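Quick notes on the structure that follows.
What follows is calculated from the coordinates using simple rules that are stated; it is not laboratory data. Just so it is clear, the structure is predicted and the values come from calculations on it, not from any experiment. Here the Cβ positions follow ideal geometry from the backbone for every residue, glycine too, while neighbour counts run over all protein chains shown.
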Amino acid sequence: MALSFQQLLVAVPLVLKGGNVPSIVGEAGIGKSALVTAVAEKMKAKLMTTVVSLSEKGDLAIPVPPLTETSFLDTKNYGRLADVQFGYTHTLIQIIQAAEQQPDQPIIWFLDEFNRGSQAVQSELMNLVLQRRIHDIVLPRQVHIVLAENPDDDMAGFETTDYAVERGDAAIKDRTTRLVMAVSVSDWLSWASSGAPRANIHPLVQKFITQYAELLYPTTRHEDLNPTPRAWHRVSDNLYELVQLPKEQADVLMFDIFSGDLGANVARQFVQFIVQQLPTLTAQDIFESKPYGPKVPHVIDEKFKNMDELQKLTVMKSVLLTGQLTIENNAARLSRLLQLMSPDSQYALVKQLTDSPVLDQLFASDGHYANVLYQQIMDVATR
């Protein structure tokens with residue numbers, strides 16, 4: 001049976017507190033690394049990561065020659081011996097230093113892509129996982145080890161997978177607790193909507209996945225590029241930047257950028273969705289439409305009224321980034337549009353202004369409408 005992100009947030013710390021080593025198994029891109037980061041935050045632990053697939057034999061501890069005369073031993077009958085020392089990976093040095101500086105803070109050493117490392121590398125890690133030591137170095141008591149692995153076709157439930165992994169050592173399997181991770185759309189959407197100063201995932205991506213939940217991680221995968229939670233995260237980051245470009249330029253780039261993460265079929269569907277959802281009002285439309293003055297022209301007012309809340313919020317966020325809000329007429333028009341938003345949308349918008357210099361500018365302004373807008377924002381913030 002597989003566990004969701006939220007379930008693993010409970011299970012992984014539980015296994016660690018039991019003194020055991022969890023091995024998180026899941027398909028590529030479903031959020032194993034994000035999970036371990038969340039576990040570290042939950043446990044208030046310092047997180048150190050080693051990507052095992054990028055490691056070479058000898059990376060953890062490299063023999064170095066004796067550095068002083070006392071490191072040599074002269075024998076009566078067998079010649080001169082050298083007491084070889086070891087130079088340790090910088091990650092291990094950081095872990096030891098952190099443990100000495102804060103002996104009560106937990107430390108998680110995350111060995112990512114464990115079974116994608118070579119057999120030689122995995123063998124070298126054996127003592128670390130099984131005996132908690134590397135040569136003469138013993139891991140501090142507050143260091144917890146977490147593994148992450150891609151599925152192997154000899155694992156139950158993953159018989160048809162085809163990852164380029166090395167077979168896991170029986171001793172490792174026998175001394176770690178395997179926790180299989182599954183994709184949960186509800187968990188992902190909960191995480192997607194959190195974050196500051198902007199949501200972890202763009203609201204339009206959230207809305208798309210809400211309507212097409214099966215596309216977060218499709219079970220049928222034909223192309224060489226397919227959607228994964230990690231791919232959608234990249235799509236979201238790119239979308240945050242795309243919407244800042246002029247519409248004509250964004251339209252040209254959109255499909256090629258998204259297909260580079262999602263594959264052509266899903267990208268085509270997503271672009272069609274985006275075109276239907278993108279705001280149709282800009283700061284220029286709102287502030288420069290005739291007749292000039294503090295009142296929002298009727299056409300603009302009606303157009304904004306007829307948008308759904310997500311579109312209104314997207315328009316207003318864009319306006320905050322591109323408009324001159326301390327100009328009297330602009331402040332008056334923005335105040336009117338803010339009134340047309342739902343209380344939740346108003347709050348979400350105002351929350352974005354917390355660290356913005358716009359608030360100070362509005363407060364310092366002598367303009368009537370600027371002061372009205374400032375007070376309106378303060379009223380929303382203190383509800």
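Quick notes
- Computed from point charges on the beta carbon alone (+1 for Lys and Arg, -1 for Asp and Glu), the dipole magnitude for the chain about its Cα centre is near 880 Debye.
- Counting only DSSP beta bridges whose two residues both lie in the chain, roughly 30 percent are antiparallel.
- Residue exposure sequence - Val64, Val185 - by fewest surrounding Cβ within 10 Å: Val64, Val185
- Pairs of Cα atoms in the stretch 97-139 fall into 5 Å distance bins, from 0 up to the last occupied one, in shares of 5, 19, 23, 23, 17, 9, 4 percent.
- Cα-based radius of gyration of the stretch 9-53 once divided by 2.2 N^0.38 Å, which approximates compact folds: 1.15
- Spatially proximal lysines relative to Lys247 (Cα-Cα < 23 Å; intrachain offsets below 8 disregarded): Lys207, Lys290, Lys303, Lys305, Lys312, Lys317
- Pairs of alpha carbons in the chain whose separation is greater than 32 Å (percent): 52
- Spin-label pair Glu56/Gln324, simplified geometry with 7 Å Cα→Cβ offset, distance in nm: 5.9
- Two-site FRET efficiency, Arg132 against Gln211, from Cβ-Cβ distance with R₀ of 51 Å, rounded to 0.05: 0.60
- Note on Ala264/Arg175: beta-carbon distance plugged into 1/(1 + (r/R0)^6) with R0 of 41 Å gives a FRET efficiency of 0.40.
- Lysines with Cα under 19 Å of Lys46, excluding same-chain neighbours fewer than 8 positions away: Lys17, Lys32
- Contact order for the stretch 185-277, expressed relative to its length and based on alpha carbon pairs under 8 Å spaced 6+ residues apart, stands at 25 percent.
- Amide H contacts of Thr49 (H built 1.01 Å from N, in plane; Pro and chain starts excluded): Phe110 sit under 5 Å, all sequence-distant by 5 or more or on other chains.
- When the Cα positions of Phe5, Val319, Ala364 are compared along the charge dipole of the chain, Ala364 comes out farthest toward the positive end, with charges on each C-beta of Lys, Arg, Asp and Glu.
- When the chymotrypsin sites (Phe, Trp or Tyr not before Pro) in the stretch 275-383 are filtered for DSSP coil states and for at most 14 other beta-carbon atoms within 10 Å of their beta-carbon, the remaining sites are Tyr292.
- Sequence-distant residues sharing a close amide H with Ile24 (under 5 Å, placed H): Leu147, Ala148, Glu149, Leu179
- Computed over the stretch 283-381: relative contact order in percent, which uses C-alpha pairs under 8 Å that are six or more apart: 30
- Relative intensity, log₁₀ I(q)/I(0), of the stretch 168-268 from a Debye sum that treats every alpha carbon as a point, q = 0.11, 0.12 Å⁻¹: -0.42, -0.49
- Take every pair of alpha-carbon atoms less than 8 Å apart whose residues are at least six positions apart; their mean separation over the length of the chain yields a relative contact order of 15 percent.
- Karplus (6.51, -1.76, 1.60) ³J(HN,Hα), θ = phi - 60°, over the stretch 321-336, in Hz, Gly and Pro reported as x: 7, 10, x, 8, 7, 7, 5, 3, 5, 5, 4, 5, 5, 5, 4, 5
- Simple spin-label estimate for Thr49 and Gln101 in nanometres, 7 Å along Cα-Cβ: 2.0
- In the stretch 251-357, the ratio of gyration radius to Kirkwood radius, Rg to Rh, stands at 1.05 when only Cα atoms are counted.
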